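Chemist: Before I ask anything, let me first share the structure, which is written out below as structure tokens.
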Amino acid sequence: MPTTTASAVCTTVGNNILLRLTSGERDVKLKALRELKNQIIGNRTKKLSFLKLGAVPAVAGILSDAVSAVDVADNDENDRIVKDIIVQSAAVLGSFACGFEAGVRAVLDAGADILIQRGCLVEEMPLLKSYMEVVDAGARSLKMIYQSKMAPKYDFLQEENMEFLLSLLNNESENVSGLGASIISHSCKTSLEQKLLFDAGVLKRLTSLLGGSLIQRDASLESIATIFKNNPEVVSQFVGPDTGRTLSCIIEIVKDRFARTRLLASLCLIVIRNASPCYLQDVGIKTKLINNLLELLDDPGRVGDEASFAFSSLIAEKEDMQKLAFEVNGVDKLYNHLQKGSLHPRRFEGILLALADMCSKLECCRSRCLSLQVLKLVVDALAHDSSDVRSAACMCLRSVSRSIKNLSAGSFMNETIVIPLVRLLDDTSTAVQVAALGAISNIVVDFTTRRSTFIRLGGVKLLVQLSKSMDSTIRLNALRALRNLIFLAEDKCKEEIFMELTASLLASLICDPEPSVQEQALALVRNLVDGRINSVEYIFAEDGIILDAVGRQLRIASKAEIEIQGMYVLGNVATGKESHKEAVMDQLLLRAENKAQSCIIKFLQSNDSRLRTAAVWAVLNLTCSSSPGSSGRLVKLHDAGIVSHVKNMVNDPCLDVKLRVKTALEQFNSFDDSLASTSCLQFLTVRAVGELSHVVDPSSKIPCDSISNSCYVYVTDFCVIYSHVANSINSQCL
């Protein structure tokens, strides 16, 4: 005889159980419910099989009938059976929902969550006082439902809901009070909800549960963190003189013998510190938190998986915490875990993100990563099956590549790194594509001549393709990568990039619906026309379509960053030939429709000193006395009222503007003294390195020269490096 397959057996058993669930005899139903519960507990495959057979609606119907039968039970025996049916039905529905999103959806679609609450937890039901197991069963089931993101959001704004929540928290049963805490953790999302819960006295009740059972303590810590998250007002009211003892209690719980409890206590303290940095400033407490989280990475279960994410939230964007973590060998400990291999994807992702945060600001962390050869493991992770791991690996690579020292040495522009990164530009996950673009944006800021490697491997073609994406985030990051690739690039490299981009595409990106994309497109053009005559010519391709787009954006833009980049583009073009300068004049003096003045006058009067600086640079390059047509342009600028505006800026509060205005006035005066003078005051322009504060230690400086003196400037978010080259270029490391 042919053997019956396991699937067929499962279906037969399932149909048999479902058939008995429809029996008119309560004892038969009860036995079938218990058997169903035993079949599905911890078994996702069987849960799915019974879902397909329609088990959840059937059990929900049994629960509904049992709840309705409570009031009409005519003797103690019937009362007991009804109670047992409610308990078993709730347990089955909770098991379907436990860690199984399809099960949660089925339970919610059947309205079982409302049935469980009405049948097991509403105080008017007579079974509540008679059978505590009914209450516990309902609470456990609802907790499983509220652990899912699919669970319905609880409305704290309704008074009766708040009263019901408080009744749950005040219940002696750890399952019931734990349910109340779970509802808070799941549903409290806004500052208004946090304030309502605080004003209702929920925090006081939660803190009292810290001394309760393990279940109550853990649920309470999670809910407290939820109410505190990003809410300094609630934190300041909680961490006051009257509640300092509670804060000390949470600090003590960090040393608890249970790993999950230690993690939750740490998360609670992290949330308090992130919301209000003035608290928990003690170095000892901060070091204790760091050591505790690094130790929790050794936990083989879920706590170990989540510990690295808590570690990241503790040190992210906090240089002092990153230094402390480095001092206790944080990089080495994270690396040791990476070396173990065969990590769970969640743990792998968390460790990579933790390393990314450690290397985001400190060169010492980046150097340690490179000396430990962490980069090899990170590059291998770029090909991981999990998209989250691939994305985290890109972020880690992005942070490590923020080092000017190693970028200058060409440490990242090699095929071992570039090939897998270029492949990720075609990844099926948008998040991975964006993360890969972030890493590429840093790596292509290469101060050597190795950009050809990236171009040869098809990187430029893919970046240009992504710049046409329907997703504005991808367009933005693709343009940022192209902008950095063209930074200080050789003529051949620029030519290859421009041939892929085309003038028409650049013009359309300059006029993109998203302002952030417009800004990056203009920044790219700013680097493209970097002062050499042949580079300036790019902006005049296809009948000057790019220049027209730049001028149009300058006349209609409302965002200062767009105006700044646009003015630097025109300032660069103004370093070219006479025809180039005249084209810039046409754009600057052209008034927008219904505007009483030209855009450059508006920029000279701007409250943003960066925009005023960019505007004065353009005037400087247009009026350099060595250019044959400068005197005529100066007359036009005078007639347009621009010269008088520049003269009025002689005492500008911004030193950079003030210096540029002084140079401009000297140039103006040189025409008055002698138009035939052969002595040309060398004019300056800028190379701006954008957002390089994470590329180099604050103590590192980049040398530069100006006309009157030699100077050094720190690399900052928008650092200006003066150069004798008459142009402005910029890059933006992430």
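Chemist: Quick test of your reading of the structure: SER625 fulfils all but one of (1) surrounded by fewer than 19 Cβ atoms within 10 Å (Cβ to Cβ); (2) over 42 Å from the mean Cα position of the chain (by Cα); (3) not in a helix (DSSP H, G or I). Name the failing condition by number.
Modeler: The failed condition is (1).
Chemist: Please verify whether segment 80-90 includes one or more residues that are under 41 Å from the mean Cα position of the chain (by Cα), open to solvent by 10 Å² or more (accessible area, probe 1.4 Å) and at pLDDT 90 or above.
Modeler: Within segment 80-90, not a single residue is under 41 Å from the mean Cα position of the chain (by Cα), open to solvent by 10 Å² or more (accessible area, probe 1.4 Å) and at pLDDT 90 or above.
The rows are residues; the columns are (1) β-branched (Val, Ile, Thr); (2) within 24 Å of GLU133 (Cβ to Cβ); (3) in contact with a strand residue (DSSP E or B) (Cβ under 7 Å, 6 or more places away or on another chain); (4) open to solvent by 10 Å² or more (accessible area, probe 1.4 Å).
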residue: GLU160; (1), (2), (3), (4): no, no, no, yes
residue: LEU165; (1), (2), (3), (4): no, yes, no, no
residue: LEU168; (1), (2), (3), (4): no, yes, no, no
residue: GLU172; (1), (2), (3), (4): no, yes, no, yes
residue: GLY180; (1), (2), (3), (4): no, yes, no, no
residue: CYS188; (1), (2), (3), (4): no, no, no, no
residue: LEU192; (1), (2), (3), (4): no, no, no, yes
residue: VAL202; (1), (2), (3), (4): yes, no, no, no
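Chemist: Continuing with the same structure: Is segment 172-188 home to any residue that is among the charged types (D, E, K, R), outside any helix (DSSP H, G or I) and under 22 Å from GLY94 (Cβ atoms)?
Modeler: Yes, that holds for at least one residue.
Chemist: Tell me the helices (runs of 4 or more DSSP H) entirely within segment 406-502 that contain at least 1 residues that are of a type in the set (Gly, Ala, Ser) and within 27 Å of the chain's Cα centre (by Cα).
Modeler: Because the criterion is at least 1 residues that are of a type in the set (Gly, Ala, Ser) and within 27 Å of the chain's Cα centre (by Cα), the helices (runs of 4 or more DSSP H) in segment 406-502 that meet it are 430-443, 459-466, 472-485.
Chemist: Can you tell me which residues in segment 19-34 are surrounded by 14 or more Cβ atoms within 10 Å (Cβ to Cβ) and either free of Cβ contacts under 8 Å to residues at least 24 places away in the same chain or under 43 Å from the mean Cα position of the chain (by Cα) (or both)?
Modeler: ARG20, VAL28, LYS31, ALA32
Chemist: Another question, if that's okay. Consider ASP512 against the criteria (1) buried (at least 24 other Cβ atoms within 10 Å of the Cβ); (2) among the charged types (D, E, K, R); (3) assigned to a loop (DSSP other than H, G, I, E, B): it satisfies all of them except one. Which criterion is unmet?
Modeler: It is condition (1) that ASP512 fails.
Chemist: Does at least one position in segment 327-338 carry a residue that is of a type in the set (Phe, Trp, Tyr) and either within 15 Å of LEU424 (Cβ to Cβ) or within 22 Å of the chain's Cα centre (by Cα) (or both)?
Modeler: no
Chemist: Of everything in segment 547-561 that's surrounded by fewer than 24 Cβ atoms within 10 Å (Cβ to Cβ) and not basic (Lys, Arg), which residue is nearest to ASN621 (Cα to Cα)?
Modeler: Across segment 547-561, the extreme among qualifying residues is GLY551.
Chemist: I've got another one for you. Of the residues that sit in segment 532-552 and are part of a helix (DSSP H, G or I) and of a type in the set (D, E, K, R), which one is nearest to ASP491 (Cα to Cα)?
Modeler: Top of the filtered list is GLU537.
Chemist: Search segment 648-678 for residues being open to solvent by less than 80 Å² (accessible area, probe 1.4 Å) and of a type in the set (Gly, Ala, Ser), and hand back the single one that is modelled with the highest pLDDT.
Modeler: ALA664
Chemist: Is there any pair linking a residue in segment 624-640 that is touching a residue at least 12 places away in the same chain (Cβ under 8 Å) and under 18 Å from GLN587 (Cβ atoms) to one that is aliphatic (A, V, I, L, M) and open to solvent by 40 Å² or more (accessible area, probe 1.4 Å), with Cβ under 7 Å and at least six apart or on different chains, and which?
Modeler: LYS636/LEU589; ALA640/LEU589
Here's the yes/no breakdown for (1) part of a loop (DSSP other than H, G, I, E, B); (2) open to solvent by less than 20 Å² (accessible area, probe 1.4 Å); (3) in contact with a Cys (Cβ under 6 Å, 6 or more places away or on another chain); (4) of a type in the set (Lys, Arg):
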residue	(1), (2), (3), (4)
SER266	no, yes, no, no
LYS286	no, yes, no, yes
ASN291	no, no, no, no
ASP299	yes, no, no, no
GLU306	no, no, no, no
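Chemist: Of all the residues that make up segment 409-455, how many are basic (Lys, Arg), open to solvent by 20 Å² or more (accessible area, probe 1.4 Å) and modelled with pLDDT under 90?
Modeler: So the answer is 1.
The values are calculated or read from the model by the stated rules, or taken from the named source; none is laboratory data. Predicted model, so just to flag it, every value in this text is computed and none were measured. A quick note on method: Cβ atoms are made from the backbone with ideal geometry, for glycine too, and the neighbour counts reach across all protein chains shown. With ligands, DNA and RNA removed, areas are computed over all heavy atoms of the protein, side chains included. Shrake-Rupley method; radii C 1.70, N 1.55, O 1.52, S 1.80 Å.
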